[in-house]
Structures are given as structure tokens and as C-alpha cells.
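Reviewing the structure listed below.
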Amino acid sequence: MTADDDLHWMQYALQLADKAEQSGEIPVGAVLVKDGVVLGEGWNQSIQLNDPSAHAEMIAIRQAAEKIGNYRLIDCTLYVTLEPCAMCAGLLVHSRVKRLVFGAKDAKTGAAGSVLDIVRHPVLNHQLDVLDGPLAQQCADKLSEFFRRRRAEQKALKQQEKQQSVEEGQFKR
Ligand SMILES: [Zn+2]
């Protein structure tokens, strides 16, 4: 795996994050790669699927395991635009993924070094090689842009409701 490969696949994961964003989900994308071949890919779909476990990593890994017909994903690398949460970090350990490359750090729920370090916990029976940083800024910008827009939309909606209730009040008088 060269640094160029890492950038290429992180770019790919960012494109998957766009798919999440297009459907109003938090823009996170993940792709699982072995020997330069995509085995699974995913993006956040928790809201659409009413599934709190439908994170990008979870979807990519389920797809890959089904594709190769094995619950162990030996010698694979998972690229994800945001540092995995505790659930996904646990999944990476269970599935024996060899390497994790992520873009933006998650200071609140990151479980690959920020809050917890599940993927490199010495007591667990599998540890991953971890690289963070490729396209970190683009990954973080995509998230903060999404949240900024969502806050603005919520604010606009509230103002609209407020305006409506004022108008209804006037109508009553
Ligand atoms: Zn997760």
C-alpha cells in the first residue's frame, strides 16, 4: 500500500460520503479493499433504514463478508472518512481487518485513538495497523459543512413556525 493508494481510496470513500449527504444522512463513507480490489462499500444510512447500526463501516464490512463468503476479512484495509465509533471499531476487531485508514478524527466518539482505542487495545486478541490523516481536512470540512447547513435549516424552520403562529394569532383577533 503506497501513500498514493491511500489517497486514492480515501477519495473514493469521500464520494461514498456524498451519497449519505444526498439523502440527508451524516456524510461518512467507507470502503473495504483487498489487493487493490473493492470488496465492500457503504455510507451512513441509519435514518433511512431505521437502523442505528447502519454506519458506513458496518455496511461495507457486511457486504464484503457476504461477497467473499467468510466472516473473517483477512489482509483487508478499511478506509473511512471519519474515525470509527466504538461499535464499528469492535466490528473491525471481530472481522480481523488488518489495517484501518481514516480521515477526520472524532473527538467525541472516536474509538481509534481519540476517546477510546479499541482497534489497538492490547488486551483484545486482534490489533489493527492504524493510519489517520489522509484527506483529514476534506473529510472534516464535509462534516462541518453538513452540520452547519442542517443548523441553518432547523433555524429557518423554527422561524417559519414562529411566523406562522404570529399570523395565526393575528387571524384570531
Ligand atoms: Zn460506527
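Readers should treat all values here as calculations from the given coordinates under stated rules, not as data from a laboratory. Remember, it's a predicted structure, so these values are computed and weren't measured experimentally. Cβ coordinates were reconstructed from backbone atoms using ideal geometry, including for glycine residues, and neighbour counts include every protein chain displayed.
Among the DSSP beta bridges whose two residues both lie in the range 56-162, what percent are antiparallel, rounded to the nearest 5? Roughly 10 percent of the beta bridges in the range 56-162 run antiparallel, per DSSP. Classified by the C-alpha gyration tensor, the range 14-64 has an oblate form. Its axis ratio a/c, with a ≥ b ≥ c, is 1.5 or above, and a/b does not exceed b/c. Gain on full extension, evaluated as 0.36 nm per residue between Asp51 and Glu66 minus their Cα-Cα distance, stands at 3.5 nm.
Could you tally the net charge around Asp35, taking each other residue with its Cβ under 13 Å from the Cβ of Asp35, Lys/Arg +1 and Asp/Glu -1? Its environment carries a net charge of +1. Taking every DSSP beta bridge that has both ends in the range 1-114, the antiparallel portion is near 65%. Extension gain for Asp132-Leu7 works out to 43.9 nm (0.36 nm per residue, less the C-alpha to C-alpha distance). For the residue pairs Lys19/Lys67; Lys108/Lys162; Lys19/Lys105; Lys67/Lys98, alpha carbon separations beyond 25 Å are given by Lys108/Lys162.
Need one word for the range 1-111: rounded, prolate or oblate. Basis is the Cα gyration tensor (sqrt eigenvalues a ≥ b ≥ c); a/c below 1.5 gives rounded, then a/b vs b/c decides.
rounded
A helix-only calculation puts the chain at -16000 deg cm²/dmol for mean residue ellipticity at 222 nm, using -39500 (n - 2.57) for each DSSP H run of at least four residues, averaged over all residues. Peptides 124-131, 32-39 ranked from most to least packed by the mean count of surrounding Cβ atoms within 10 Å: 32-39, 124-131.
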